[in-house]
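The values are calculated or read from the model by the stated rules, or taken from the named source; none is laboratory data. In this text, all values refer to a predicted model and were calculated from it rather than measured experimentally. In this analysis, Cβ positions are derived from the backbone assuming ideal geometry, glycine residues included, and neighbour counts consider all displayed protein chains.
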Amino acid sequence: MKILGIEHIGVAVHSIDERAAFWEYVLKINRTATETVADQGVSTAIFDTGKGKIELLEAIDSDSPIAKYIAKRGPGIHHICLEVDDISSAIKELTENGISVINETPSVGVEGYFITFIHPRSTGGVLVLVELAQKQKP
């Protein structure tokens, strides 16, 4: 598995509208996308620093993983996403080494990336989720 870098840091928020101004106007980071991923129950706003992104995550229903996360832990850093060169080989390598992933078949996430999450029990006590993402090739 080849890690290409940190793709983004996911931040769970109650409201994108209430929190976007800090990233956009105080820190002056350009918002490059806003997207809803219905099957994950989340709306997102992407702020691109040019060397990594901040992804604000807002639940669109009370059963979504983000809603459950905020109810349990409050707003804050939800996950760190690492970009990989090949998501399928990354999943295979992880599972062959006893690392649990949430999805053994990649799903399509924000900005069309193929994604999976490493199960928290396999990350050695890291308190945020670790996501792997591969940009779709044209």
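Taking the conditions (1) at pLDDT 95 or above; (2) surrounded by fewer than 18 Cβ atoms within 10 Å (Cβ to Cβ); (3) outside any strand (DSSP E or B) in turn, ILE80 satisfies each one other than (3). Contact annotation: residue pairs with Cβ atoms under 8 Å, 6 or more positions apart or on different chains, pairing a residue in the stretch 45-61 that is within 17 Å of VAL128 (Cβ to Cβ) with a partner that is of a type in the set (Lys, Arg), are LEU56/ARG19.
Restricting to the stretch 94-131, name every residue that is of a type in the set (D, E, K, R) and either under 22 Å from THR44 (Cβ atoms) or touching a residue at least 60 places away in the same chain (Cβ under 8 Å) (or both). GLU111, GLU131 - these are the residues of the stretch 94-131 that are of a type in the set (D, E, K, R) and either under 22 Å from THR44 (Cβ atoms) or touching a residue at least 60 places away in the same chain (Cβ under 8 Å) (or both).
VAL37 meets the conditions (1) within 27 Å of PRO106 (Cα to Cα); (2) over 15 Å from the mean Cα position of the chain (by Cα) in every case but one. The failed one is (2). Pairing residues of the stretch 20-39 that are closer than 12 Å to ILE54 by Cα and touching a residue at least 24 places away in the same chain (Cβ under 8 Å) with residues that are in a strand (DSSP E or B) and acidic (Asp, Glu), at Cβ distances under 8 Å and at least 6 apart in sequence or on separate chains, gives ILE29/ASP48. Considered as a group, the residues in the stretch 9-48 that are hydroxyl-bearing (Ser, Thr, Tyr) and more than 23 Å from PHE117 (Cα to Cα) include one that is surrounded by the fewest Cβ atoms within 10 Å (Cβ to Cβ), and that residue is TYR25. Take the conditions (1) surrounded by 14 or more Cβ atoms within 10 Å (Cβ to Cβ); (2) polar (S, T, N, Q); (3) in contact (Cβ under 8 Å) with a residue 12 or more places away in the chain; (4) farther than 25 Å from ALA33 by Cβ; GLN134 misses just one of them, which is (4).
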